[in-house]
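The values are calculated or read from the model by the stated rules, or taken from the named source; none is laboratory data. This is a predicted model, so every value here is computed, not measured. Heads up, the Cβs are rebuilt from the backbone with ideal geometry, glycines too, and the neighbour counts pull from every protein chain shown.
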Amino acid sequence: MTAGNWIATAAVLVSTLSLLITVSRNGKTDTAQMAALMVKLEHLSEAVTEIKLNMRRYDEALEKHLERIVQVEQSAKSAHRRIDTIQSASGRSHKEGGQ
(Lines give C-alpha, C1' and ligand atoms only; values in the text may rest on other atoms or scores of the structure.)
Protein backbone atom coordinates (compact mmCIF):
# COMPACT_ATOMS: atom_id res chain seq x y z
CA MET A 1 0.00 0.00 0.00
CA THR A 2 1.38 3.35 -0.94
CA ALA A 3 1.69 6.39 1.25
CA GLY A 4 -1.07 8.02 -0.78
CA ASN A 5 -3.48 5.27 0.16
CA TRP A 6 -2.61 5.63 3.84
CA ILE A 7 -3.13 9.37 3.63
CA ALA A 8 -6.47 8.93 1.86
CA THR A 9 -7.66 6.44 4.48
CA ALA A 10 -6.59 8.74 7.30
CA ALA A 11 -8.32 11.68 5.61
CA VAL A 12 -11.59 9.75 5.39
CA LEU A 13 -11.37 8.80 9.06
CA VAL A 14 -10.59 12.36 10.14
CA SER A 15 -13.36 13.84 8.01
CA THR A 16 -15.88 11.34 9.34
CA LEU A 17 -14.87 12.06 12.93
CA SER A 18 -15.05 15.77 12.22
CA LEU A 19 -18.55 15.34 10.84
CA LEU A 20 -19.58 13.41 13.95
CA ILE A 21 -18.26 16.13 16.22
CA THR A 22 -19.90 18.90 14.20
CA VAL A 23 -23.24 17.16 14.06
CA SER A 24 -23.22 16.38 17.77
CA ARG A 25 -22.30 19.97 18.67
CA ASN A 26 -25.11 21.40 16.57
CA GLY A 27 -27.63 19.17 18.28
CA LYS A 28 -29.35 18.47 14.96
CA THR A 29 -28.51 14.80 14.85
CA ASP A 30 -30.87 11.97 15.34
CA THR A 31 -30.17 8.44 16.39
CA ALA A 32 -30.45 6.98 12.89
CA GLN A 33 -27.85 9.35 11.46
CA MET A 34 -25.49 8.71 14.33
CA ALA A 35 -25.91 4.96 14.00
CA ALA A 36 -25.22 5.13 10.25
CA LEU A 37 -22.06 7.13 10.84
CA MET A 38 -20.89 4.71 13.51
CA VAL A 39 -21.43 1.79 11.13
CA LYS A 40 -19.40 3.57 8.47
CA LEU A 41 -16.63 4.24 10.95
CA GLU A 42 -16.61 0.59 11.97
CA HIS A 43 -16.30 -0.47 8.33
CA LEU A 44 -13.44 1.95 7.83
CA SER A 45 -11.73 0.62 10.92
CA GLU A 46 -12.10 -2.95 9.65
CA ALA A 47 -10.71 -1.91 6.25
CA VAL A 48 -7.68 -0.29 7.86
CA THR A 49 -7.08 -3.42 9.93
CA GLU A 50 -7.28 -5.57 6.81
CA ILE A 51 -4.87 -3.27 4.97
CA LYS A 52 -2.42 -3.53 7.86
CA LEU A 53 -2.61 -7.33 7.76
CA ASN A 54 -2.05 -7.32 4.00
CA MET A 55 0.93 -5.02 4.40
CA ARG A 56 2.42 -7.31 7.04
CA ARG A 57 2.03 -10.30 4.69
CA TYR A 58 3.56 -8.29 1.86
CA ASP A 59 6.53 -7.33 4.03
CA GLU A 60 7.06 -10.97 5.05
CA ALA A 61 6.97 -12.11 1.42
CA LEU A 62 9.36 -9.33 0.43
CA GLU A 63 11.78 -10.37 3.16
CA LYS A 64 11.72 -13.97 1.91
CA HIS A 65 12.40 -12.80 -1.64
CA LEU A 66 15.29 -10.65 -0.47
CA GLU A 67 16.81 -13.62 1.35
CA ARG A 68 16.53 -15.72 -1.81
CA ILE A 69 18.13 -12.97 -3.91
CA VAL A 70 21.09 -12.84 -1.51
CA GLN A 71 21.49 -16.62 -1.78
CA VAL A 72 21.42 -16.47 -5.58
CA GLU A 73 23.98 -13.66 -5.63
CA GLN A 74 26.26 -15.63 -3.32
CA SER A 75 25.89 -18.71 -5.50
CA ALA A 76 26.71 -16.72 -8.64
CA LYS A 77 29.77 -15.22 -6.96
CA SER A 78 30.94 -18.69 -5.94
CA ALA A 79 30.37 -19.99 -9.46
CA HIS A 80 32.44 -17.15 -10.91
CA ARG A 81 35.28 -18.00 -8.53
CA ARG A 82 35.19 -21.65 -9.60
CA ILE A 83 35.13 -20.65 -13.28
CA ASP A 84 38.09 -18.31 -12.73
CA THR A 85 39.98 -21.12 -10.95
CA ILE A 86 39.29 -23.55 -13.80
CA GLN A 87 40.33 -20.97 -16.40
CA SER A 88 43.51 -20.18 -14.46
CA ALA A 89 44.36 -23.88 -14.26
CA SER A 90 43.84 -24.31 -18.00
CA GLY A 91 45.96 -21.24 -18.76
CA ARG A 92 43.14 -19.17 -20.30
CA SER A 93 42.21 -15.70 -19.17
CA HIS A 94 38.70 -14.58 -18.36
CA LYS A 95 38.50 -12.61 -21.64
CA GLU A 96 39.58 -15.60 -23.71
CA GLY A 97 36.80 -17.68 -22.20
CA GLY A 98 34.23 -15.82 -24.26
CA GLN A 99 33.16 -13.24 -21.68
Cβ-Cβ below 7 Å, separation at least six or inter-chain, first residue in the stretch 17-41 and β-branched (Val, Ile, Thr), second in a helix (DSSP H, G or I) and at pLDDT below 75: which pairs? Thr29/Val23
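Condition check ((1) under 30 Å from Leu17 (Cβ atoms); (2) more than 22 Å from the chain's Cα centre (by Cα)) across all residues:
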{"residue": "Gln33", "(1), (2)": "yes, yes"}
{"residue": "Met38", "(1), (2)": "yes, yes"}
{"residue": "Leu53", "(1), (2)": "yes, no"}
{"residue": "Glu63", "(1), (2)": "no, no"}
{"residue": "Glu67", "(1), (2)": "no, no"}
{"residue": "Val72", "(1), (2)": "no, yes"}
{"residue": "Arg81", "(1), (2)": "no, yes"}
{"residue": "Thr85", "(1), (2)": "no, yes"}
Test for Leu62: is it surrounded by 10 or more Cβ atoms within 10 Å (Cβ to Cβ), part of a helix (DSSP H, G or I) and touching a helix residue (DSSP H, G or I) at 6+ places or on another chain (Cβ under 8 Å): no
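So, Arg68, is that one assigned to a helix (DSSP H, G or I), within 30 Å of Trp6 (Cβ to Cβ) and at pLDDT below 95 or not?
Taking the combined requirement at face value, the residue does not satisfy it.
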